[in-house]
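As structure tokens, the structure follows; a few thoughts come after it.
FYI, it's all coordinate maths here, none of it is from the lab. Here the structure is a predicted model, which is why all the values come from computation and not from measurement. Here the Cβ positions follow ideal geometry from the backbone for every residue, glycine too, while neighbour counts run over all protein chains shown.
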Amino acid sequence: MSDQTKPILELKDVSKTYRVKQGLFGRAKPLTAVNQVSLSLKRGEVLGLVGESGCGKSTLSKILLGLEAPTAGQVLVDGEDIGSQDRLSLARRIQPIFQDPYSSLNPRKRIADVIALPLVVHGIGDHASQMQEVRKMLDIVGLPARVMESYPSQMSGGQRQRVAIARALIMKPEIVICDEPTSALDVSVQSQILNLLGDLRQEFGLTYLFISHNLAVVEHLATRVAVMYLGRIVEEANVGGLFDTPGHPYTKALLKSVLTPEPGLGVPDTQLGMAYPNPIDPPSGCHFHPRCPKVMDNCKTLAPDQVATPEGHVECHLFTSKETSQNVSNPAMPN
Ligand SMILES: Nc1ncnc2c1ncn2[C@@H]1O[C@H](COP(=O)(O)OP(=O)(O)OP(=O)(O)O)[C@@H](O)[C@H]1O
């Protein structure tokens, strides 16, 4: 039996830099989408990864699924580097559920074939046993067996997301990367899918990386939360701590955005004024400083170090600066 206390998923200083050409004759410039990210998930944990559009969430999920190679750093599953694993063993360990089930399901395939696809691709079982597995999975996700003959276009958004969940679980993975799994759904259907994901986690002991720009959705499922800004994890904490005593000014802005109307829709309205920076030309010092309501002089020139907090860690000069030394007795709460 595997060691339950050891991390099942570990990212060690993972970075991804693309070379991006600007204009027809421009020279390619580096764009760092993921910048020295370290994360660790224990079996059964749900780590929520939150941040605005463009912060690097999807790039990180592609790295975890083996769809992109990191430029630097290591991803370990059960202590093994994913770079050294073949596609089948990786697929047996990590499976994705994407945002828009319509575009991630082949519209020309019957639901039975959509769900069986991972088994077919990896040559697992014969047709009869694959169809038996599909029936089992449909039952698990709460769909009747008769939908096997249907096509994605004949199903509702919620039903399609159940199909996507069945397809992910048919490989009996240990880890599921849920990339905005409810953002494309009506608010009423969102909670049904979140409840289903919660139940499945209990039943199968799954570990989730739950990616979302919506903290309200993350609060529903996550045990811990990592907040990402311009490729870096700027704060990580247990879910209760992050919501009760957020440390980073960016986390506070994201939390305020949860209170805006229609929390499930669109990108968060962070009320931070300036637009999100372009990662091809990141601000100096702390990348958040041009938008930060608490900006200090050293924020403009110095990148903040990671500081431990009672709940996790944070990267912000408010936690290290002499200007806030009066708060050092409670480093989670500079005002
Ligand atoms: N293949 C690529 N080539 C060049 N730049 C890329 C590539 N993929 C992503 N990027 C850039 O990397 C940054 C992070 O993108 P990413 O899609 O990971 O962010 P995100 O947080 O998932 O955003 P969204 O929620 O909109 O999907 C963006 O500036 C994006 O333009």
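Between Asp281 and Lys256, full extension at 0.36 nm per residue minus the direct alpha carbon distance yields a gain of 6.3 nm. Summing Cβ point charges (Lys, Arg +1; Asp, Glu -1) relative to the Cα centre of the stretch 101-254 gives a dipole of roughly 380 debye. Backbone geometry of the stretch 244-254 corresponds, through the Karplus equation with coefficients 6.51, -1.76 and 1.60 at θ = phi - 60°, to 3J(HN,Hα) couplings of 7, 10, x, x, 6, x, 5, 4, 4, 5, 4 Hz, x marking Gly and Pro. Be a star and scan the stretch 174-204 for residues whose amide nitrogen sits under 18 Å from the point 7 Å along the Cα-to-Cβ vector of Lys109. Residues 177 fall inside that zone. With θ taken as phi - 60° and the Karplus curve 6.51 cos²θ - 1.76 cosθ + 1.60 applied, the whole-hertz 3J(HN,Hα) list for the stretch 155-163 is 10, 6, x, x, 5, 5, 5, 5, 4 Hz, x standing for glycine and proline.
What you get for the stretch 1-91, charging only the Cβ of Lys and Arg (+1) and of Asp and Glu (-1), is a dipole of about 540 debye around the Cα centre. Magnitude of the charge dipole for the chain, about its Cα centre and with charges confined to Cβ atoms of Lys, Arg (+1) and Asp, Glu (-1), is about 760 debye. Under 13 Å from a label point set 7 Å out along the Cα-to-Cβ vector of Asp81, the amide N atoms of the stretch 33-70 belong to 70. Bridge orientation summary for the chain: considering DSSP beta bridges with both residues in this region, about 60 percent are antiparallel. Using R0 = 41 Å, the C-beta based FRET efficiency linking Leu88 and Arg146 works out to 0.85.
On the beta carbon distance between Asn238 and Gln132, with R0 = 45 Å, the FRET formula returns roughly 0.65. Pairs from the table (Lys57/Lys172; Lys21/Lys62; Lys6/Lys172; Lys252/Lys300; Lys136/Lys172) lying more than 18 angstrom apart at Cα are Lys57/Lys172; Lys21/Lys62; Lys6/Lys172; Lys252/Lys300. Couplings 3J(HN,Hα) of the stretch 90-95, computed from phi: 5, 5, 6, 9, 10, 10 Hz, in residue order, whole Hz [Karplus 6.51 cos²θ - 1.76 cosθ + 1.60, θ = phi - 60°; x for Gly and Pro]. When peptides 50-62, 279-291 are sorted by average Cβ neighbour count within 10 Å, with the highest value leading, the order is 50-62, 279-291.
The angle between the Cα long axis of helix 111-121 and the longest principal axis of the Cα atoms of the chain comes to about 80 degrees, rounded to the nearest 10. Fewest neighbouring Cβ atoms within 10 Å first, the residues His127, His317, His213 line up as His127, His213, His317. Take every pair of alpha-carbon atoms less than 8 Å apart whose residues are at least six positions apart; their mean separation over the length of the chain yields a relative contact order of 19 percent.
Our helix-only sum for the chain, with -39,500 (n - 2.57) per DSSP H run of n ≥ 4 divided by its residues, gives a mean residue ellipticity at 222 nm of -8500 deg cm²/dmol.
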